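The values are calculated or read from the model by the stated rules, or taken from the named source; none is laboratory data. Everything quoted here is computed from the prediction, not taken from an experiment. Methodologically, a virtual Cβ is constructed for each residue, glycine included, from the backbone with ideal geometry; neighbour enumeration extends over all protein chains shown. Heads up: the accessible areas ignore ligands, DNA and RNA and are worked out on the full protein's heavy atoms, side chains in. Shrake-Rupley method; radii C 1.70, N 1.55, O 1.52, S 1.80 Å.
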Amino acid sequence: MSSTPVPPGHPDFDPAENKRRMEAGELYYAFHPDISGARRKCIAACNDFNAVGSRIDFTRRQMVELWKKIICDDSPNPPVLADAKADDAQFGLKYPYIDGPIKVDMGFNLKFGEQVYINYNSTWLDTSTITVGSRTLIGPNCSFYTATHPLDPFQRNGLKGPEAGKPIVIGEDCWFGGSVTVLGGVTIGRGVTVGAGSVVTKDVPDFVVVVGNPARIVRRLDEAKERWEKGERIGESA
């Protein structure tokens, strides 16, 4: 990790360099006005999503439009169709299905595949990129933390000190039980099941079940792995 960056207020402080450091996983200042402003924008977008998402008439179009505000996706949506079911069908499974409330830190660092489902009360601290593979199912109260802080309290220095981030990568076809926590710097392989209440602190290989704090392999899904290695693909016959 690089040395501590020049603090805000110093004549040599560069906001663009601060953001570059954040994106690179280096020490940066999270409470600089530019970063704080982006965080507040994301919080507001989450509040809008959560407020509308609890309504019984919440449509697929509304879900996608509000989600795209959270992740800063300004790509155009298809035109509105008079038939509600046909209109919802236009969005298909490209964007995740989410049961709020959801809490996200920055938003623009979330990268999701298709057919992703997110259950209630998830938290995403996406200081660094969080990638979630297609067909992954995430249970309630799950948390994904890319943010980290210096261990040295003198360097950490409360709100005046720097922080950093490490990316999280989650493969396709995973299933997370309720109240799972995933820490920054972790890569979880394809077809993994993570038991409820687990804390994932290290990389997880493909096609295994992990449980515990810290999460450990308790079962290997050899049949599923063999089918994959033979060329069979999940969802092709569905």
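Gly107 meets all of the listed conditions (1) in a helix (DSSP H, G or I); (2) on the phi > 0 side of the Ramachandran plot but one, namely (1).
Please tell me if Asp88 is modelled with pLDDT of 90 or more, surrounded by fewer than 14 Cβ atoms within 10 Å (Cβ to Cβ) and of a type in the set (Asp, Glu). If you could, list the steps in order and put the result at the bottom.
Details: modelled with pLDDT of 90 or more: yes; surrounded by fewer than 14 Cβ atoms within 10 Å (Cβ to Cβ): no; of a type in the set (Asp, Glu): yes.
For Asp88, the condition - modelled with pLDDT of 90 or more, surrounded by fewer than 14 Cβ atoms within 10 Å (Cβ to Cβ) and of a type in the set (Asp, Glu) - is not met.
Among the residues of segment 9-24, those identified as modelled with pLDDT of 80 or more and either among the polar types (S, T, N, Q) or assigned to a loop (DSSP other than H, G, I, E, B) (or both) are Phe13, Asp14, Asn18. For Asp34, only one of the following conditions fails: (1) assigned to a loop (DSSP other than H, G, I, E, B); (2) touching a residue at least 12 places away in the same chain (Cβ under 8 Å). What is its number? Of (1) assigned to a loop (DSSP other than H, G, I, E, B); (2) touching a residue at least 12 places away in the same chain (Cβ under 8 Å), only one is false for Asp34: (1). Summed over segment 25-63, residues that are farther than 26 Å from Gly185 by Cα and modelled with pLDDT of 95 or more total 6.
When only residues in segment 20-65 that are open to solvent by 60 Å² or more (accessible area, probe 1.4 Å) and of a type in the set (Val, Ile, Thr) count, which is farthest from Ile98 (Cα to Cα)? Filtering first and then ranking leaves Ile43.
Of the listed requirements (1) under 18 Å from Leu183 (Cβ atoms); (2) open to solvent by 30 Å² or more (accessible area, probe 1.4 Å); (3) in contact (Cβ under 8 Å) with a residue 40 or more places away in the chain; (4) not aromatic (Phe, Trp, Tyr), Asp105 misses just one: (2).
Limited to segment 71-86, what total is found for residues that are without any contact (Cβ under 8 Å) to a residue 12 or more places away in the chain and part of a loop (DSSP other than H, G, I, E, B)? Show your work before the answer.
From segment 71-86, those without any contact (Cβ under 8 Å) to a residue 12 or more places away in the chain are 73-76, 79, 81-83, 85-86; that's our starting set.
Of the ones still in play, those that are also part of a loop (DSSP other than H, G, I, E, B) are 73-76, 79, 81-83.
Selection size over segment 71-86: 8.
Considering only segment 186-207, I want to know if a residue exists there that is under 30 Å from Val6 (Cα atoms) and modelled with pLDDT of 95 or more.
First, pick out the residues of segment 186-207 that are under 30 Å from Val6 (Cα atoms): 186.
From what is left, the residues that are modelled with pLDDT of 95 or more are 186.
Yes: one or more hits.
Of the residues making up segment 113-152, those that are surrounded by fewer than 20 Cβ atoms within 10 Å (Cβ to Cβ) and either touching a Cys at 6+ places or on another chain (Cβ under 7 Å) or free of Cβ contacts under 8 Å to residues at least 24 places away in the same chain (or both) number 8. Among the residues of this structure, Gly100 counts as one that is surrounded by 17 or more Cβ atoms within 10 Å (Cβ to Cβ), assigned to a loop (DSSP other than H, G, I, E, B) and at pLDDT below 95. Taking (1) more than 19 Å from Leu159 (Cα to Cα); (2) in contact (Cβ under 8 Å) with a residue 12 or more places away in the chain; (3) of a type in the set (A, V, I, L, M, F, W, C) in turn, Met22 satisfies each apart from (1). Remark: pairs (first residue in segment 45-67, over 18 Å from Asp87 (Cβ atoms); second residue of a type in the set (Lys, Arg); Cβ separation under 8 Å; 6+ apart in sequence or on different chains) = Ala45/Lys69; Cys46/Lys103; Asp48/Lys69; Phe49/Lys69.
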